[in-house]
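J.: My questions all concern the structure below.
Any read-out appearing in this document is the output of simple, stated calculations on the displayed coordinates, not a laboratory observation. Everything numeric in this text was worked out from a predicted model, so none of it was measured. Every residue, glycine among them, receives a Cβ derived from its backbone with ideal geometry; neighbour counts consider all protein chains shown.
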Amino acid sequence: MRIETALSMAGLAVALALGSAVVSLLAARVPKVVRFAAMPLLGLCGVAAIVAGLGALLSGGAATATLPLGLPWLPWHVRIDALAGFFLLLIGLVTGTIGLYGPAYVRGLEQGRDSLVALGGFTGLFLAGMLLVVLADDAFLFMIAWEVMSLASYFLVGFQHEQAANRRAAFLYLLMAHVGGLSILLGFGVLASFGDGFAFASMRAAELSPLWASLAFGLVFLGFGMKAGLVPLHAWLPEAHPAAPSYISALMSGVMLKVAVYGFIRLVFDLIGDVQWPWGMAVLAIGSLSALTGALFALMQTDLKRLLAYSSVENLGIVFIALGLALIFIDNGHPLPGALAFVAALYHALNHALFKGLLFLGAGSILHSTHERDLEQMGGLLRRMPWTGLFFLIGCLSIAALPPFNGFVSEWLTFQAALQAWQLESGVMRSLVPIATAVLALTGALVAATFVKVYGIAFLGQARSRHVRRARPGPWGIRAAQGLLAALCVLLGLFPTLVIGLIDAVPRQILGGGLPDAGSRGWLWLVPDAFETASYSAPLVALLLVAIAALVVPGMRRVGARRVRRCDAWDCGFAPSTARMQYSATAFAQPVRRVFALLFRVEETQVPREDGGMRHQIKIGDRSWDALYLPLARLVEAAARRVVRLQSGNVRVYLGWTLVTLLVLLWIVSA
């Protein structure tokens with residue numbers, strides 16, 4: 001496919017997303033229009049984005065266009081290249097499955113009080129905003145698309161606004177989105193002042209001093225890090241993602257966070273270009289802190305969607321660990337390890353979009369069938385929802401980075417990049433990179449424990465509530481969407497060499513070099529550096545696991561067949577086991593909570609049960625609220641109380657302030 005055709009397909013994807021938003025306006029009179037028109041248009045939008053992304057990656061070139069929109073002296077510029085193509089592919093893969101998932105999900109809302117016009121309309125605008133951010137080739141269009149994405153997602157977070165918690169989460173999200181947007185705008189201002197224009201081509205050609213380049217980096221890292229949910233700017237994420245409808249949560253976590261990653265890569269690696277190793281150390285440190293903090297708080301949660309939101313903090317931390325390594329290696333003159341870390345970051349971003357989208361859709365399926373998000377009320381869902389249980393298991397294995405699933409490949413590549421630290425000349429860097437690697441290893445163990453807890457508590461054992469006992473499998477569309485994402489998780493794990501061959505076009509275009517030896521041994525072996533030092537064959541690992549299962553499972557069946565007599569086991573005089581005797585999600589996390597107690601704000605209360613008894617309840621709070629957000633809130637409130645004094649009610653005072661303002665402005669203009 002020619003690169004110009006890929007740009008046309010990307011434009012078609014934007015048009016389909018906007019068409020979905022426009023069609024949804026009819027839902028006020030015909031609620032079914034969202035199910036039968038708006039959602040299929042979103043699915044087609046995803047397909048068009050996939051075609052555009054694949055075309056850009058395969059062609060390896062770049063195409064630009066100027067749109068007759070914007071200001072008379074500042075039209076909108078769009079561009080598609082390998083980097084934009086990769087993120088278009090990522091957006092399309094998740095959006096395409098939403099087109100299958102959405103109709104069954106919104107069917108249950110057609111008879112309710114919630115506005116389907118708002119849901120369908122803002123979903124289309126949200127998707128169009130993300131696509132335009134990726135396609136923008138000037139700061140003006142980029143910021144407009146960024147604000148469209150943020151505002152549309154604000155209304156989706158507050159969709160069920162009757163609940164005070166949802167309104168609070170939406171306001172917090174909007175506040176932090178605008179603070180982050182202001183920081184990005186200031187970063188563009190620095191680049192535009194040296195590049196003599198808002199077009200990205202002018203910014204690329206700008207020559208920045210190390211001081212101004214570092215200032216621009218700090219501003220964009222703050223803005224995009226806030227949108228990506230990096231610690232300590234993550235507080236909005238575990239509040240907003242659970243409040244949104246489940247498929248919107250999948251889009252926010254699986255796609256929107258990656259748009260922030262795209263923005264960071266575009267500005268730092270492409271527009272600023274001349275990177276510095278201290279930037280890499282800062283990104284590596286924040287990424288490591290985010291990965292560890294997100295994993296710890298995910299393990300503590302009992303709300304399934306909140307747990308998945310904290311897990312997104314952890315996974316974005318892993319992406320930024322790899323990007324930090326790329327910055328360090330590139331500035332120190334080691335392009336091959338830099339390209340390896342860069343590819344690891346992109347691969348993990350793609351993997352996270354797939355398995356986190358799968359897990360959020362699975363959580364939505366559970367919520368659709370049981371009306372429960374609390375793990376303490378679940379149990380035994382595997383017998384009642386077998387397909388959701390199977391697909392959710394694949395998602396858990398993928399996010400836990402177990403071979404041969406896709407999460408293992410990207411984390412293994414990140415470790416392989418970190419192991420190249422011996423090539424660095426600075427002893428400080430050679431010491432700090434292994435520390436970040438150890439944090440990543442600890443994070444992997446915590447993530448595995450988290451999803452053992454999730455699957456064991458939710459799908460195994462006995463049901464803990466009446467709603468769960470009455471659960472039924474979801475509609476076919478919900479199951480098909482999960483199945484498609486689960487299949488992609490398996491395929492990207494089994495054939496990583498083919499995927500990296502596709503991704504490799506991005507570092508070749510942005511960094512000037514890729515991974516020449518990754519596919520040197522064919523599709524069977526992944527070779528990031530040299531075959532003798534590091535290589536991985538996912539198909540052979542999968543065959544080995546299948547062979548072990550073929551040997552072990554029949555033996556287990558033969559052992560079970562030897563039973564002659566079945567009867568109740570001796571229970572020491574106790575009554576038969578009930579759901580209340582099962583291990584709870586809170587108890588599962590207790591050992592880790594005790595070890596890392598200083599990181600949590602723990603509130604223990606006694607809550608009455610329906611049967612007249614008492615239930616012990618533990619709430620795990622985030623100390624970042626006490627350390628960062630509450631002091632800022634108090635400072636703003638104190639400043640607001642002082643500003644209110646200006647509202648004296650006296651007209652003469654207001655005229656005096658007006659006169660002072662005019663005098664100051666005249667002085668500034670005359671100076």
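J.: Using a 10 Å cut-off on Cβ atoms, rank the peptides 164-170, 62-68 from the highest mean neighbour count down.
T.: 164-170, 62-68
J.: Right, here's the next one. With the Cα gyration tensor of the stretch 269-388 giving a ≥ b ≥ c as the square roots of its eigenvalues, does the rule (a/c under 1.5 for rounded; else a/b larger than b/c for prolate; else oblate) give rounded, prolate or oblate?
T.: prolate
J.: How many percent of all Cα-Cα pairs in the stretch 32-141 sit more than 23 Å apart? Show your work: numbers first, answer last.
T.: On the way: 2343 of 5995 pairs.
Value for the stretch 32-141: 39 percent of Cα pairs lie more than 23 Å apart.
J.: From zero up to wherever the largest Cα-Cα distance of the chain sits, split into 20 Å bins and tell me the percent of pairs in each.
T.: 17, 51, 27, 5, 0, 0
J.: A further question follows. Could you tell me whether the stretch 275-513 comes out rounded, prolate or oblate from its Cα gyration tensor? Rule is a ≥ b ≥ c as square roots of the eigenvalues, rounded for a/c under 1.5, then prolate if a/b exceeds b/c, otherwise oblate.
T.: Prolate shape, in that a/c is at least 1.5 and a/b is the bigger ratio.
J.: Right, next: What does the charge add up to near L191, with Lys and Arg as +1, Asp and Glu as -1, over the other residues with Cβ less than 15 Å from its Cβ?
T.: The answer is -4.
J.: What base-10 log of the normalised intensity I(q)/I(0) is obtained for the stretch 612-671 from the Debye formula, alpha carbons as equal point scatterers, at q = 0.29, 0.30 Å⁻¹?
T.: Debye curve over Cα of the stretch 612-671, log10 I(q)/I(0) at q = 0.29, 0.30 Å⁻¹: -1.09, -1.10.
J.: Taking R0 as 35 Å, what FRET efficiency do you get between V22 and H161 from their Cβ-Cβ distance, rounded to the nearest 0.05? All intermediate terms of the calculation are to be shown ahead of the outcome.
T.: Details: r = 23 Å, r/R0 = 0.66.
So the FRET efficiency works out to roughly 0.90.
J.: Taking other Cβ within 10 Å of each residue's Cβ, how do F142, F297 sort, fewest first?
T.: In order of increasing Cβ crowding within 10 Å: F142, F297.
J.: Quick one: E162, E4, fewest Cβ neighbours within 10 Å first, how do they rank?
T.: E162, E4
J.: How large is the translational diffusion coefficient of the stretch 1-243 in µm² per second when you combine the Kirkwood radius over alpha carbon pairs with Stokes-Einstein at 4 °C and 1.567 mPa s?
T.: Approximately 68 µm²/s, per Stokes-Einstein.
J.: Across bins of 5 angstrom width beginning at 0, how are the C-alpha pair distances of the stretch 391-513 distributed, in whole percent?
T.: With 5 Å bins starting at 0, P(r) equals 2, 9, 12, 14, 16, 15, 11, 7, 5, 3, 3, 1, 0.
J.: Can you put L350, L390 in order, fewest other beta carbons within 10 Å first? Display every interim value, and only then the final one.
T.: Details: L350 23, L390 15.
Starting with the residue having the fewest Cβ neighbours, the order is L390, L350.
J.: Between I435 and V452, 0.36 nm times their residue separation minus their Cα-Cα distance comes to what?
T.: 3.5 nm
J.: Something else: From zero up to wherever the largest Cα-Cα distance of the stretch 60-114 sits, split into 10 Å bins and tell me the percent of pairs in each.
T.: Computed distribution, short to long bins: 19, 24, 26, 22, 10.
J.: Can you report the principal axis dimensions of the stretch 213-253 using only the alpha carbons, biggest first, rounded to whole angstrom?
T.: The Cα atoms of the stretch 213-253 stretch 40, 18, 9 Å along the principal axes, largest first.
J.: By average Cβ neighbour count within 10 Å, what is the ranking of 418-424, 488-494 from highest down?
T.: The densest-packed peptide leads the list: 488-494, 418-424.
J.: Turning to a different aspect of this structure: Which links in K227/K356; K32/K305; K356/K453 stretch past 23 Å when you go from one Cα to the other?
T.: K32/K305
J.: For the pair L544 and L175, what calculated FRET efficiency results from E = 1/(1 + (r/R0)^6), where r is the Cβ-Cβ distance and R0 = 41 Å, to the nearest 0.05?
T.: Efficiency at R0 = 41 Å is approximately 0.20.
J.: Further, regarding this structure: Taking the alpha-carbon centroid of each part, what is the distance from the stretch 412-469 to the stretch 186-254 in angstrom?
T.: About 26 Å separates the Cα centre of the stretch 412-469 from the one of the stretch 186-254.
J.: What ranking do 337-349, 496-508 get when scored by the average of other Cβ atoms within 10 Å per residue, highest first?
T.: 337-349, 496-508
J.: Return the FRET efficiency for the residue pair W73, V607: r is the Cβ-Cβ distance, R0 is 45 Å, and the value is rounded to the nearest 0.05.
T.: Calculated value: 0.10.
J.: Right, something else. Calculate the translational D of the stretch 125-209 in whole µm² s⁻¹ from Stokes-Einstein, where the hydrodynamic radius comes from the Kirkwood formula applied to all Cα pairs, the temperature is 4 °C and the viscosity 1.567 mPa s. Working shown, then result.
T.: Details: Rh = 14.0 Å.
The estimated diffusion coefficient comes to 92 µm²/s.
J.: Restricting to DSSP H runs of at least four residues, report the calculated mean residue ellipticity at 222 nm for the chain, -39500 (n - 2.57) per run over all residues, nearest 500 deg cm²/dmol.
T.: Taken over the chain, the calculation gives -22500 deg cm²/dmol.
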